Amino acid sequence: MYTIAITNQNWFDFLSDKDLTEEVNFWTPTLWNPKIDPGSKWFFMLKSPIRKISGYGIYREYTELSITNTWEKYGEKNGSANMESLVSMLSEHIDPKNYNTHKIGSILLTDVVYYDKQNFILPETYNIDFPSAIMKYKKYDGEPNF
């Protein structure tokens, strides 16, 4: 089983530029509670207009924390240089005034791999059905064919 999930370009760029591969937090602005098996591959698909798979990590666990606690626990592993930039990324989804009380989802990924831009994967090339209406993630049986 593997999962493909939509992600933020800024999150991806920050983490890949820093080459943070051991452990990262794939945060979610709302509580997802994904039912994913630990050890499964979690692929990142950059939001439109790119909509290509840009890398993956190994799913370890899901937790729900306040934004402040998320920053304290993961720091730059959240894909931002400081808490203010994390709040800024989240502000397109939640009111930044609520960052001390609002809980977000934290998907811990390990052994992260970032693809070079020329190696990004267009799902349709591999007959992977990922409708544009999907705003979170989609699980697939088997192993990816790319």
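The values are calculated or read from the model by the stated rules, or taken from the named source; none is laboratory data. Given the structure is predicted, the values throughout are model-derived calculations rather than measurements. Every residue, glycine as well, gets a Cβ built from its backbone with ideal geometry; the counts of neighbours run over all protein chains shown.
Mind checking whether some residue in the range 68-83 is over 18 Å from GLY105 (Cα atoms), β-branched (Val, Ile, Thr) and buried (at least 19 other Cβ atoms within 10 Å of the Cβ)? No, that holds for no residue. The residues of the range 67-113 that are of a type in the set (S, T, N, Q) and touching a strand residue (DSSP E or B) at 6+ places or on another chain (Cβ under 6 Å), listed by number, are THR70, ASN78, SER106, THR110. Number of residues in the range 84-107 that are within 14 Å of the chain's Cα centre (by Cα) and buried (at least 20 other Cβ atoms within 10 Å of the Cβ) equals 6.
Say we look at the range 115-138 and pick out the residues that are over 28 Å from LYS18 (Cα atoms) and assigned to a loop (DSSP other than H, G, I, E, B); which of these is farthest from the chain's Cα centre (by Cα)?
ASN127
Restricting the first member to the range 1-15 and to residues that are touching a residue at least 40 places away in the same chain (Cβ under 8 Å), and the second to residues that are polar (S, T, N, Q) and assigned to a strand (DSSP E or B), the beta-carbon pairs closer than 6 Å and six or more apart or on different chains are PHE12/SER54. Close Cβ contacts (under 6 Å, 6 or more residues apart or on different chains) running from residues in the range 54-68 that are closer than 21 Å to PHE14 by Cα to residues that are of a type in the set (Asp, Glu) and crowded, with 17+ Cβ neighbours inside 10 Å are absent. Applying the condition of being loosely packed, with under 12 Cβ neighbours inside 10 Å and of a type in the set (Asp, Glu) to the range 108-146 and asking which residue is nearest to LEU86 (Cα to Cα) yields ASP116. Looking across the range 21-35 at every residue that is in a loop (DSSP other than H, G, I, E, B) and modelled with pLDDT of 95 or more, the one that is surrounded by the fewest Cβ atoms within 10 Å (Cβ to Cβ) is identified as GLU22. Checked against (1) assigned to a helix (DSSP H, G or I); (2) more than 27 Å from ASN127 (Cβ to Cβ); (3) not aromatic (Phe, Trp, Tyr), SER16 passes all but a single condition, namely (2). Scanning the range 36-57 for residues that are surrounded by fewer than 19 Cβ atoms within 10 Å (Cβ to Cβ) and among the hydroxyl-bearing types (Ser, Thr, Tyr) yields a count of 2.
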